[in-house]
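See below for the structure under consideration.
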Amino acid sequence: MKLRYPLQRHNTVLPQSDDVLRVLWAFQLPRSYREVFLLKEIQGYTFAEIAAILGIRVETALARLECARREIGRVEDSVAMEPAS
């Protein structure tokens, strides 16, 4: 089985606790948004690298990341507004 994109990146670091939540929320995103979000925000790829890995244009990668960030921001906002138990 061939991986769709590499799992290791030379500058990958362990995420901070807020990043862990963002990654968990990212799994709620549509696949196209999630792939770009994880490659950029977690693995640190450039937009040119992401475009090459996924076989899309750089502009498409930029647009998908913006959509992913917007969706994750909505989740973060809704969670912040929930009353504490």
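The values are calculated or read from the model by the stated rules, or taken from the named source; none is laboratory data. Treat the numbers as computed from the prediction; the structure is a model and nothing was measured. FYI the Cβ positions are ideal-geometry reconstructions off the backbone, even for glycines, and counts take in every protein chain you see.
In table form, for the structure just shown:
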{"item": "Filtered residues of segment 21-30 (kept if within 18 Å of Phe47 (Cβ to Cβ) and assigned to a helix (DSSP H, G or I))", "result": "Ala26"}
{"item": "Leading residue by the ranking (nearest to Arg31 (Cα to Cα)) among those in segment 50-85 that are at pLDDT below 95 and assigned to a loop (DSSP other than H, G, I, E, B)", "result": "Glu82"}
{"item": "Residues within segment 30-79 that are in contact with a Pro (Cβ under 7 Å, 6 or more places away or on another chain) and over 23 Å from Val20 (Cβ atoms), tallied", "result": "0"}
{"item": "Yes/no for Phe47 being in contact with a Leu (Cβ under 8 Å, 6 or more places away or on another chain), modelled with pLDDT of 95 or more and on the phi < 0 side of the Ramachandran plot", "result": "yes"}
{"item": "Some residue of segment 18-33 being modelled with pLDDT of 70 or more and hydroxyl-bearing (Ser, Thr, Tyr)", "result": "yes"}
